[in-house]
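> Structure incoming, see below.
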Amino acid sequence: MKKKNAGYLYVMPLFIVMAVLIYLPIISTLYYSFVNINLLKPEKLKFMGLDNYIRLLKDQEVLKAAGNSLAITVLVMLMTYLLGLAFALFLNRSVRLKGILTAVVIIPWAIPGIVSGIIWRWMFHPSFGLVNSLLLKWGILKTPVQWFSDNKAVTAIVALTVAWRAVPLVAITLMSALQTISDTLYEAAAIDGCGRMKAFRYITYPMLRPATLIALTTTTITAVNVLDEIVSLVGMSSSNNTFMTEIYGRTFKYMRFSEGSALSYIVMFVCIVIWLLYTRRLTGKGEEVL
């Protein structure tokens, strides 16, 4: 009995830290989302029920943020998964300098989001950026392009910046899964006359389903929660607002804690629904693939 109690004492510091840093903010945010907080009169709290949520779902700025977040998420998912899979397949082969190439691929993942945004902002600078310089040199452009004056271009640049950081994690995740596939499966397929494309379709890709679920889930959450890259690229622009910039603006700029808390839970609910769809699609009852 004493040994059992000693075990609880050992893990108690972890529970306390998690309660203070994770569970308490979650509960507090949920509470704030159901009330109307006036910072000038904090003692006068008004219970709002679901009014904050209903008002946000009808708010045009929130709907615009949802559209921008959706566009960024779709682009990030496509770029990240395709590039991550390509890198994983390449690094999984016995190539020279494999260790060095793997380390190089991981570098963008280690760069903070704000720094990554600054790097890509200079890459697309209209006067000094590498992108305009190369396009002008190759004759694709005749005059420099003001990339950040077009909302659609900004959305694509934000997605590219986020994907650049997310590709390494997806590549390493998929490469780890590739290394668990037995070579005997490919040998048996080759004996039956199966080419590389069919082997990839019927062996490699189905075996990558669990890793694909992890990769898509982390990529989606990263894309939905993008903030640092947007701030460093275009600042807190209302025309390019996303879920996270909207939450940040309402909570810390306009001090609307109730709206910011409610919107945080809406975003969390969206992420949970997406995760459930991924789980059902990739590990559900049938032999379904994406």
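The values are calculated or read from the model by the stated rules, or taken from the named source; none is laboratory data. Computed from a prediction, not measured in an experiment: that's the story for all the values here. FYI the Cβ positions are ideal-geometry reconstructions off the backbone, even for glycines, and counts take in every protein chain you see. Only protein heavy atoms, including side chains, enter the accessible area calculation; ligands, DNA and RNA are left aside. Shrake-Rupley method; radii C 1.70, N 1.55, O 1.52, S 1.80 Å.
> Of the numbered conditions (1) assigned to a helix (DSSP H, G or I); (2) over 22 Å from I107 (Cβ atoms), G49 satisfies every one except a single condition; which is it?
(1) is the only condition that G49 fails.
> Give the residues of segment 82-98 that are open to solvent by 30 Å² or more (accessible area, probe 1.4 Å) and under 26 Å from the mean Cα position of the chain (by Cα), sorted by residue number.
Within segment 82-98, L82, L83, A86, F87, L89, F90, N92 meet the criteria.
> Can you say whether P112 is open to solvent by 60 Å² or more (accessible area, probe 1.4 Å) and either closer than 30 Å to L178 by Cβ or of a type in the set (A, V, I, L, M, F, W, C) (or both), as far as the supplied structure shows?
Yes; evaluated as a whole, the condition is true for this residue.
> Let me confirm something: among T212, T218, which residue is within 23 Å of M79 (Cβ to Cβ), open to solvent by less than 30 Å² (accessible area, probe 1.4 Å) and at pLDDT 80 or above?
Numbers: T218 fails: open to solvent by less than 30 Å² (accessible area, probe 1.4 Å).
T212 is the lone residue from the list that is within 23 Å of M79 (Cβ to Cβ), open to solvent by less than 30 Å² (accessible area, probe 1.4 Å) and at pLDDT 80 or above.
> Between a first residue in segment 66-79 that is farther than 23 Å from A171 by Cα and a second residue that is crowded, with 18+ Cβ neighbours inside 10 Å and of a type in the set (S, T, Y), which pairs have beta carbons less than 6 Å apart while being 6 or more apart in sequence or on different chains?
Listed pairs, sorted by first residue: N68/T242; S69/T242.
> Of all residues in segment 178-202, how many are in a helix (DSSP H, G or I) and touching a residue at least 12 places away in the same chain (Cβ under 8 Å)?
In the first step, residues of segment 178-202 are kept if they are in a helix (DSSP H, G or I); the result is 178, 183-191, 196-202.
Among the residues that remain, those that are also touching a residue at least 12 places away in the same chain (Cβ under 8 Å) are: 178, 185-186, 189, 199, 202.
Selection size over segment 178-202: 6.
> To continue, here is another question. From M255, M197, M244, M207, which residue is closer than 25 Å to S116 by Cβ and of a type in the set (A, V, I, L, M)?
On the way: M255 fails: closer than 25 Å to S116 by Cβ; M197 fails: closer than 25 Å to S116 by Cβ; M207 fails: closer than 25 Å to S116 by Cβ.
Among M255, M197, M244, M207, only M244 is closer than 25 Å to S116 by Cβ and of a type in the set (A, V, I, L, M).
> Within segment 149-163, does at least one residue satisfy the condition of being without any contact (Cβ under 8 Å) to a residue 12 or more places away in the chain, of a type in the set (K, R) and either open to solvent by 60 Å² or more (accessible area, probe 1.4 Å) or within 30 Å of I37 (Cβ to Cβ) (or both)?
yes
> May I ask you to say which residue of L83, L63 is without any contact (Cβ under 8 Å) to a residue 24 or more places away in the chain and in a helix (DSSP H, G or I)?
L63 is the lone residue from the list that is without any contact (Cβ under 8 Å) to a residue 24 or more places away in the chain and in a helix (DSSP H, G or I).
> A further question on this structure: Can you say whether L135 is part of a helix (DSSP H, G or I) and either modelled with pLDDT under 85 or open to solvent by 70 Å² or more (accessible area, probe 1.4 Å) (or both), as far as the supplied structure shows?
On the way: part of a helix (DSSP H, G or I): yes; either modelled with pLDDT under 85 or open to solvent by 70 Å² or more (accessible area, probe 1.4 Å) (or both): no.
In short, no.
> Among residues belonging to segment 59-72 that are among the hydrophobic types (A, V, I, L, M, F, W, C) and open to solvent by 60 Å² or more (accessible area, probe 1.4 Å), point out the one that is nearest to E246 (Cα to Cα). Let's see the steps before the verdict.
Filtering segment 59-72 down to residues among the hydrophobic types (A, V, I, L, M, F, W, C) leaves 62-63, 65-66, 70-72.
Next, only the ones that are open to solvent by 60 Å² or more (accessible area, probe 1.4 Å) stay: 63, 70.
Numbers: L63: 10, L70: 14 Å.
Among those that are among the hydrophobic types (A, V, I, L, M, F, W, C) and open to solvent by 60 Å² or more (accessible area, probe 1.4 Å), it is L63.
> Would you pick out the residues in segment 205-243 that are free of Cβ contacts under 8 Å to residues at least 40 places away in the same chain and part of a helix (DSSP H, G or I)?
Result: M207, A211.
> So, in segment 103-132, exactly how many residues are of a type in the set (S, T, Y) and either more than 29 Å from the chain's Cα centre (by Cα) or not in a helix (DSSP H, G or I) (or both)?
Residues in segment 103-132 being of a type in the set (S, T, Y) and either more than 29 Å from the chain's Cα centre (by Cα) or not in a helix (DSSP H, G or I) (or both): 1 in total.
> Pick from L56, L40, L75: which is on the phi < 0 side of the Ramachandran plot, modelled with pLDDT under 90 and surrounded by 14 or more Cβ atoms within 10 Å (Cβ to Cβ)?
L56
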